[in-house]
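Accompanying notes for the structure given below.
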Amino acid sequence: MAVALSPATTTLRLIKPFSATALRRLYIFHKPKPPFSISLPTFSSISPFAASLPLSRRTFCSVIPSAISSGEATKTETLEKKVGEFRKKNKIVDIKGGPDEGLNLVGETVVVKGWVRTLRVQSSVTFIEVNDGSCLSNMQCVMSSDAEGYDQVESGLISTGASAWIQGTIVSSQGSKQKIELKVEKLVTIGKSDPSFPIQKKRVSREFLRTKAHLRPRTNTFGAVARVRNALSYATHRFFQENGFVWISSPIVTASDCEGAGEQFCVTTLVPTSGEPGDSPVNAIPKTEDGLIDWSKDFFGKPAFLTVSGQLNAEAYATALTDVYTFGPTFRAENSNTSRHLAEFWMIEPELAFADLDDDMACAAAYLQYVVEYILENCKEDMDFFNTWIEKGIIKRLSDVVEKKFVQLTYTDAVELLLKAKKKFEFPVQWGCDLQSEHERYITEEEFGGCPVIIRDYPKEIKAFYMRQNNDGKTVAAMDMLVPRVGELIGGSQREERLDYLEERLAELKLNKESYWWYLDLRRYGSVPHAGFGLGFERLVQFATGIENIRDAIPFPRSPGSAEF
């Protein structure tokens, strides 16, 4: 895509037209900003719907690509050559991933490297299923006894879990499960596998696989989860980058508690670390005359913690760069062993300056639809697997998210709806209560038939200090996005940009004002209305894959009593 700006009329001219879907994703939460005059020329390839959408200058990156000259083309060819130097190996997805599933390569000689999933030795032929993680599909390798390296099969060197280098010719498959297979000419064992390899062809529980987190990505389920997680991560960066956001690296170590919940991991050097951890005497920790911990002797000179959120830091950069986002690890020392909680997880947190709660909700909806549509279009094999083996109907559920308009209602309306529900909830409902997962799922799954729901204007007493107080004095400009099977997926708010209101709220919650001195400065020096939201990435992975336990949505889960691997 290239865009040309005319300084005389401040118009946008599309060199390469967008599809209607791309335009809808890019501009749904952008409003035309006066006094700019935005015009869109007529192209036969642009649908009437696309041509009717408003454009905004802030949608585009400041670096606008121009037509590629011959010199630039040469640079591109050189770069591709350099990339090719480390992409010499074939991947199974390169062979089987095309529209004809590899039939166009019949007769070609290729080399496959991967791990043996199954091995079937028959009287005249041996079938070796190899997977390299690039896709769900295995490469079925058919080996006769006269092939070079067959002695490694006879000796047991090739077994489930072993890694191998296999050269052969692509041929049409005799079976119905795949269109092609590899007729083996040469096999070399790279790494043999001990007979104790715990992941065999038989089914094993996900609870068991959590104890083998270093090996579970070799299963179909966790390989597919990893690829979809990767695609969601890529789509996340792509969405924000295409819409003019700047990625900010927020700190992991912090001296402030963003949520005011106090559930933080302490980072300290006061506990002696020489020798074995178990040999650390308590009396070696420095104390004051009052017998309290002397934090002045610690590394940072004060208590420090692992962050629970990058939001406050993102706000600082939003007041300079307008639209920013963070995407990094966050931590909660919450002693919870449910299927919804992790001690270490990743958060996506955009922050929009010169924006209100309506802008925030529109951005959240556009983001979710964008990333869901991306995996539906680019992870078809893995999504079919989830649809068959993990959650039947997940593709339909996700397609509804992309296509349906999100429902929006106030917290007060949501409470009234729950009170009228002909269903007994485990947690009673009343105005002022924090909605539980069972309430959230009832609203989105039963009351609105699987459509995502955004609830706004929550009681200020159950929300964080930084949320903007509404005119009624009882509620704040906060929103939660609820989705089927997960409940709350996104939580956000318009931030309190008024210094006096923010100071008053800190005092109400008995939070140390001095800890937030720099955050208050943002309200002293050029404060603007701004808003943002946070999304737990593992919950998004759960939502997109149908995986029930959040510990299966992250490569190496951290939970109470468990920090293995």
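Here is the figure for the stretch 105-151: residues that are under 15 Å from Val188 (Cα atoms), part of a loop (DSSP other than H, G, I, E, B) and open to solvent by 20 Å² or more (accessible area, probe 1.4 Å) total 3. Within the stretch 93-104, residues that are under 15 Å from Lys177 (Cβ atoms) and outside any helix (DSSP H, G or I) sit with their Cβ atoms under 8 Å from residues that are open to solvent by less than 70 Å² (accessible area, probe 1.4 Å) and among the basic types (Lys, Arg), at 6+ positions apart or across chains, in these pairs: Gly102/Lys96. Among residues of the stretch 204-230 that are more than 21 Å from Phe537 (Cβ to Cβ) and touching a residue at least 60 places away in the same chain (Cβ under 8 Å), those with a beta-carbon under 7 Å from a residue that is of a type outside the set (Lys, Arg) and not in a loop (DSSP other than H, G, I, E, B) at least six positions away or on a different chain give the pairs Arg218/Trp115; Asn220/Phe385.
Residue-by-condition table, conditions (1) of a type outside the set (D, E, K, R); (2) buried (at least 19 other Cβ atoms within 10 Å of the Cβ):
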residue: Met347; (1), (2): yes, yes
residue: Leu352; (1), (2): yes, yes
residue: Asp360; (1), (2): no, yes
residue: Cys363; (1), (2): yes, yes
residue: Lys380; (1), (2): no, no
residue: Phe386; (1), (2): yes, yes
residue: Trp389; (1), (2): yes, no
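When the test is whether a residue is farther than 23 Å from Gln408 by Cα, touching a residue at least 60 places away in the same chain (Cβ under 8 Å), open to solvent by 10 Å² or more (accessible area, probe 1.4 Å) and not acidic (Asp, Glu), Asn512 does not pass it.
When residues in the stretch 152-200 are screened for being open to solvent by 80 Å² or more (accessible area, probe 1.4 Å) and not in a loop (DSSP other than H, G, I, E, B), 3 of them pass. Inspect all residues belonging to the stretch 213-232 and state whether any of them is within 25 Å of Phe533 (Cα to Cα), open to solvent by 60 Å² or more (accessible area, probe 1.4 Å) and of a type in the set (Gly, Ala, Ser). Checking the stretch 213-232: not a single residue is within 25 Å of Phe533 (Cα to Cα), open to solvent by 60 Å² or more (accessible area, probe 1.4 Å) and of a type in the set (Gly, Ala, Ser).
With (1) outside any helix (DSSP H, G or I); (2) crowded, with 16+ Cβ neighbours inside 10 Å; (3) touching a helix residue (DSSP H, G or I) at 6+ places or on another chain (Cβ under 6 Å) as the list, and Gln408 as the residue in question, which single condition is left unmet? Checking Gln408 against (1) outside any helix (DSSP H, G or I); (2) crowded, with 16+ Cβ neighbours inside 10 Å; (3) touching a helix residue (DSSP H, G or I) at 6+ places or on another chain (Cβ under 6 Å), the one that fails is (3). Within the stretch 398-408, is even one residue in contact (Cβ under 8 Å) with a residue 60 or more places away in the chain and more than 19 Å from Ser493 (Cα to Cα)? Within the stretch 398-408, one or more residues are in contact (Cβ under 8 Å) with a residue 60 or more places away in the chain and more than 19 Å from Ser493 (Cα to Cα). Figure legend. Inter-residue proximity from the stretch 181-200: first residues more than 17 Å from Asp132 (Cβ to Cβ) and in contact (Cβ under 8 Å) with a residue 12 or more places away in the chain, second residues open to solvent by 70 Å² or more (accessible area, probe 1.4 Å) and of a type in the set (D, E, K, R), beta-carbon distance below 6 Å, spacing 6+ or different chains. Indicated pairs: Lys186/Glu148.
Restricting the first member to the stretch 548-565 and to residues that are more than 9 Å from Arg210 (Cβ to Cβ), and the second to residues that are open to solvent by less than 20 Å² (accessible area, probe 1.4 Å) and not in a loop (DSSP other than H, G, I, E, B), the beta-carbon pairs closer than 6 Å and six or more apart or on different chains are Ile550/Glu538; Ile550/Gln542; Ala553/Glu538; Ala553/Val541; Ala553/Gln542; Ile554/Glu538.
Listed here are the residues, each with its yes/no results for (1) farther than 19 Å from Thr254 by Cα; (2) surrounded by fewer than 20 Cβ atoms within 10 Å (Cβ to Cβ); (3) in contact with a strand residue (DSSP E or B) (Cβ under 6 Å, 6 or more places away or on another chain).
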residue	(1), (2), (3)
Ser280	yes, yes, no
Trp295	no, yes, no
Asp298	no, yes, no
Ala316	no, yes, no
Thr338	yes, yes, no
Asp356	yes, yes, yes
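When Ala464, Ala478 are screened for being part of a loop (DSSP other than H, G, I, E, B) and open to solvent by less than 40 Å² (accessible area, probe 1.4 Å), only Ala464 passes. Within the stretch 201-211, the residues that satisfy the criterion of being of a type in the set (D, E, K, R) and either surrounded by 15 or more Cβ atoms within 10 Å (Cβ to Cβ) or in contact with a helix residue (DSSP H, G or I) (Cβ under 7 Å, 6 or more places away or on another chain) (or both) are Arg206, Arg210.
The values are calculated or read from the model by the stated rules, or taken from the named source; none is laboratory data. Only a predicted model underlies this, so the values are computations on that prediction, with no experimental measurement involved. Please note: Cβ atoms are built from the backbone with ideal geometry, for glycine as well, and neighbour counts cover all protein chains shown. To get the accessible areas, we keep the full protein, side chains included, count just its heavy atoms, and leave off ligands, DNA and RNA. Shrake-Rupley method; radii C 1.70, N 1.55, O 1.52, S 1.80 Å.
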